[in-house]
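The values are calculated or read from the model by the stated rules, or taken from the named source; none is laboratory data. This structure is a prediction, so every number in the text was calculated from the model and none was measured. Here the Cβ is made from the backbone with ideal geometry for all residues, glycine too, and neighbour counts use every protein chain on show. Note: accessible area is taken over every heavy atom of the protein model, side chains too, but ligands, DNA and RNA are not part of it. Shrake-Rupley method; radii C 1.70, N 1.55, O 1.52, S 1.80 Å.
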Amino acid sequence: MPTPYETAIGSWTRRSTFFWAATGATVGLSNLWQFPYLARSHGGGAFILIYLACLLLVTLPLMLTETAIGRHSRHGIVLAMDGLIRSARQPRWWMWAGRLSILSAFLVLSFTVVIGAICLAYVFYGALGRFSPGDELGAAALLNDLVANPSDYREFMAWHGFFIVLVLWVSVQGVVGGLERALRVVVPGFLVLLVALLLFSARHGDVPAALQHMLSFRTDDVTWASLRAALFHAFFTLGLGMGVWAIFGSYMPAIAPLKRSVVAVVLMDTLIAVMAGLVLYALVLPHAPASGEQGFALLFLALPVSLAELPGSQFVTAALFLFVVLVAWTTSLALLEPVVGWFREWTGAPRGWSVFIIGSFTWFVGLGSMFSFNIWSDRVLLGGTLFRWLEIIASGLLIPVVSILLAVFVGWILTRSLAFRLIGKAPGLLARIWYWVLRVVLPLVVAMIGVSYSYASLRNLCDNGSSGVWCQPVEVTMPGLREPFNASEEAAQTRKGGPGIDTPGPLDQRRPPRLPAPDGEENAPNPEQMLYHSA
């Protein structure tokens, strides 16, 4: 058995594999249920241009940096950081950038497979014709029975276990025989399926309305909130701060073009998000023009009900949710790989045992997220379920902290010559832009994203009865007011649609209603608490 720190964890055999693998990693569920809503709400084509600028000028440099670190070291993120720290003779505490990235990948993976289980169940629900035209309450009841019914959670457990087995079955076969072969087939496959769904929606949906929502330039709708939303989505959609790009970079052949591949992946991710938005809105708007335009409700309520009114609805519904399952599956494969790679390098264990051990832990922790929607839904800590706290810790704390540490380490700690050697040959102007974005822009922007996300998420927990210090009223005496101004009450009124400025919840999405339960009670899963970012 190889000894620790000497394990060869694998490599791609073809130059184009990085592109397909990275596309599968970046195209996530937020491309389906969040990006179309953001484009519609913030100026259509104008927002897409702002979003592309945020991708290319702000977050792409960090993606390039993570990938270059892995390619330079030919190791996962932890050993890659170890080598750079030794080369630069820096303190060992910088290793936490790698360790925390593995932890964040594991946490995000644990609840991504839970969402993937719901998508997998809907493939079979659609094929069996369990959705009725115009019956959104029936669709809500079906979703509630699957996800939030405390007396019948075992079916959800079965779908959860089934989805994890599908992920582990590919990963256990190795980097080449499993991961590379699967991604080179599955990612082009779901692109072909998306094109077919787009052609179907052009024939049976309202494509002009979808184009108006997604691509028309409405500059009057562009505000500072639009820039904020574009930054948030650009950061989370790339799967940064989780070691994915370092491990994929370590697998790249030496002859593969690094910078060109990274830019191509970013553009492909945006194209797929636009195409998916056109498909969803073209099929939903003719049948539910006033509902289900964002989030969980769009994907799991409005969409299947709208599809039920179309010819061949069972086949089309199954095909569309198969596309969603493939998206969640490739994302899960990408998230699993850095954790498995780290475990192999740390212990020297064979890949099969590494996949089995990490997969078992993923299943176990995922049960906690799954139970948060049913039998543990009343077990809350400071207003949040286990799922909600895992999501806040991963998205609001770990991922931003790792991203800032990596940007500061490469931009300020490494020598300039070593930093430029990481990314290889590049035009002088582009190299300098990359370097100064990494040093100045990225730490500030990512810190803003992390603080804003965490604060908004914690404030939203106050509505669930949180007793945290962030929920305590803050009285401020303001000139011209006879009574003290209570900031907490004002924020609560704003979130409920009362007086004041409309301050959305996390990531500029307005607070959606809870899904209606069959008995009329509000006990179905809250769309606001579902996974936002792609990974």
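Just the residues that are in a helix (DSSP H, G or I), hydrophobic (A, V, I, L, M, F, W, C) and touching a residue at least 24 places away in the same chain (Cβ under 8 Å), please, taken from region 407-429. Lay out the reasoning, then the answer.
Let us first name the residues in region 407-429 that are in a helix (DSSP H, G or I), namely 407-413, 416-423, 428-429.
Within this subset, residues satisfying the condition of being hydrophobic (A, V, I, L, M, F, W, C) are 407-410, 412-413, 418-420, 422-423, 429.
Ala407, Val408, Phe409, Val410, Trp412, Ile413, Leu418, Leu422, Ile423, listed by residue number.
Kindly establish whether Tyr435 is open to solvent by less than 20 Å² (accessible area, probe 1.4 Å), in contact with a helix residue (DSSP H, G or I) (Cβ under 7 Å, 6 or more places away or on another chain), among the hydroxyl-bearing types (Ser, Thr, Tyr) and more than 23 Å from Leu227 (Cβ to Cβ). It is true that Tyr435 is open to solvent by less than 20 Å² (accessible area, probe 1.4 Å), in contact with a helix residue (DSSP H, G or I) (Cβ under 7 Å, 6 or more places away or on another chain), among the hydroxyl-bearing types (Ser, Thr, Tyr) and more than 23 Å from Leu227 (Cβ to Cβ). Test Val176 against the stated conditions and say whether it is part of a helix (DSSP H, G or I), within 27 Å of Leu271 (Cβ to Cβ) and β-branched (Val, Ile, Thr). In short, no. Of the residues making up region 12-27, just one is outside any helix (DSSP H, G or I) and crowded, with 24+ Cβ neighbours inside 10 Å, namely Val27.
Annotation: of all residues in region 205-231 being assigned to a loop (DSSP other than H, G, I, E, B) and of a type in the set (Ser, Thr, Tyr), the one that is surrounded by the most Cβ atoms within 10 Å (Cβ to Cβ) is Ser216. Per the listing Ala234, Ala141, Ala202, the residue uniquely assigned to a helix (DSSP H, G or I), open to solvent by less than 50 Å² (accessible area, probe 1.4 Å), out of contact with any Pro (no Cβ under 7 Å at 6 or more places or on another chain) and of a type in the set (A, V, I, L, M, F, W, C) is Ala234. Reported count of residues in region 188-222, each being of a type in the set (Phe, Trp, Tyr) and either on the phi > 0 side of the Ramachandran plot or over 23 Å from the mean Cα position of the chain (by Cα) (or both), is 2.
Here is a check on your reading of the model: is Leu103 at pLDDT 95 or above and open to solvent by 20 Å² or more (accessible area, probe 1.4 Å)? So Leu103 fits the description; yes. Given the condition open to solvent by 10 Å² or more (accessible area, probe 1.4 Å) and either without any contact (Cβ under 8 Å) to a residue 12 or more places away in the chain or among the β-branched types (Val, Ile, Thr) (or both), answer yes or no: does some residue in region 340-350 qualify? Within region 340-350, one or more residues are open to solvent by 10 Å² or more (accessible area, probe 1.4 Å) and either without any contact (Cβ under 8 Å) to a residue 12 or more places away in the chain or among the β-branched types (Val, Ile, Thr) (or both).
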